[in-house]
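Below you'll find the structure, written out as structure tokens, and then a few comments.
No lab work stands behind these numbers, since they all come straight from the coordinates. Everything quoted here is computed from the prediction, not taken from an experiment. Note that we place each Cβ from the backbone using ideal geometry, even for glycine, and neighbour counts take in every protein chain shown.
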Amino acid sequence: MELRDRTVMVTGCAGFIASHLAEELLRRGNRVVGVDNLSAGKREFMSGMLSDPNFRFIEGDLLTMDLSAPLQGVDVLCHLAANPDVRSGATNTRAHFDQNIAVTYRLLEAGRESGVKDIVFPSTSTVYGETDVIPTPEDYGPLLPISVYGASKLACEALIASYCHSFGQNAVLYRFANVVGPRSTHNVLHDFIRKLRQDPSSLEILGAEPGTSKSYVHVSDCVSGMIAGAEAARQQVEVFNIGSRDWMTVKDIADIVTEEMGLSPEYRWTGGVMGGRGWVGDVKKMLLSVDKLAALGWQPQMSSREAIRRAVQEILA
């Protein structure tokens, strides 16, 4: 899948990962059509693109807007718009269905009718559920997600694969580890920093000590992995994990945050749910195998610890 001198639609273009991807696509000489309703994304995240003649921004809701006109002439659909809040799925199941599954279906239908041939879709490590193979490779199965969010992303993967085989399209699906970096608006780092700014003497941490163990990847490594995977894809539907080669606990993250803020608070663990998880649907252990993408020449430039430390510094700055 070539990602140079093409017309690319990026949904959710004012969001965290999508804004970084859109910038990279423009640097590579593509024409980018960005769509976002600005409910979670921010116009300021597009500040470097809005004056670019190769960038066109459309403000609209993918669940209700007419999609046929924006997709005319589009070669590649990079569908990053989604409800990414894993935790909310335990109380509001409809949001993940509407914003993830229904929106993806609408885009696939409109893209098929408009002649879009190539699809790029970020999925998630949570499609694997609780695995007994760590690091977890792309061919692990069965896929049994434990969160509504993970289930919605797996449903989107299935829809995309079926459209590709039914209508002669191509797709690259990425299963991300936890992505951190500038323009992120909610994750454990923001939670810790917000709490410590309110009370520097103590830090409430969801779960039981030392917390879950997971892999983290900086958004710069994430975007470079997406580009590398798309350009190296040879199958009609290709799946790549993107992450780092190590993992860390929630306590490790708290230690880095407090160190960077120059604080020594007392840690107060809530005890968590379902055996010490931070919330319902929280996977206890996650480390993805990135050997498949590495064999094609891509490597993460930062470890989980390096990615977390840089992201904390970027948030504090």
Which whole-percent values make up P(r) of segment 166-273 when all C-alpha to C-alpha distances are grouped in 10 Å steps starting at zero? 13, 35, 26, 15, 9, 2
How high is the relative contact order of segment 1-107? Use alpha-carbon pairs under 8 Å, at least six apart in sequence, and give a whole percent. 30
Of the residues 252, 221, 132, which exhibits the maximal mean-square fluctuation in a Gaussian network model of the chain defined by a 10 Å Cα contact cut-off? 132
Using a/c under 1.5 as the rounded threshold, could you call segment 41-107 rounded, prolate or oblate? The axes a ≥ b ≥ c are square roots of the C-alpha gyration tensor eigenvalues, and prolate needs a/b larger than b/c, oblate otherwise. oblate
Round to the nearest 10 and give me the degree value, 0 to 90, for the angle of helix 250-261's Cα axis relative to the longest principal axis of the chain. 80
Roughly how tilted is helix 219-232, in degrees to the nearest 10 and between 0 and 90, from the longest Cα axis of the chain? 40
Give the average over all directions of the projected area of the C-alpha convex hull of segment 74-146, one decimal, in nm². 5.9
Please give, to one decimal in nm, the separation of the simple spin-label points placed at residue 47 and residue 190, each 7 Å out from Cα toward the Cβ. 1.7
Count the net charge of all other residues whose Cβ sits under 11 Å from the Cβ of residue 5, scoring Lys and Arg as +1 and Asp and Glu as -1. +2
Does anyone have the angle between helix 103-114 and the longest principal axis of the chain? Alpha-carbon axes, 0 to 90°, nearest 10? 20
Just the projected area, averaged over all directions, of the convex hull on the alpha carbon atoms of segment 111-164: how many nm²? 4.3
For segment 153-224 versus segment 27-46, the gap between their alpha-carbon centres in whole angstrom: 19
Per the rule of 0.36 nm per residue minus the C-alpha distance, extending residue 294 to residue 236 adds in nm 18.9 nm
Just to be sure I understand the curve: with the Debye formula and one point per C-alpha of the chain, what is log10 I(q)/I(0) at q = 0.13 Å⁻¹? -0.94
Using alpha-carbon pairs under 8 Å, 6+ residues apart, how would you state the relative contact order of the chain in percent? 19
Contour minus end-to-end for residue 66 and residue 313, with contour as 0.36 nm per residue of separation and end-to-end as the Cα-Cα distance? 84.8 nm
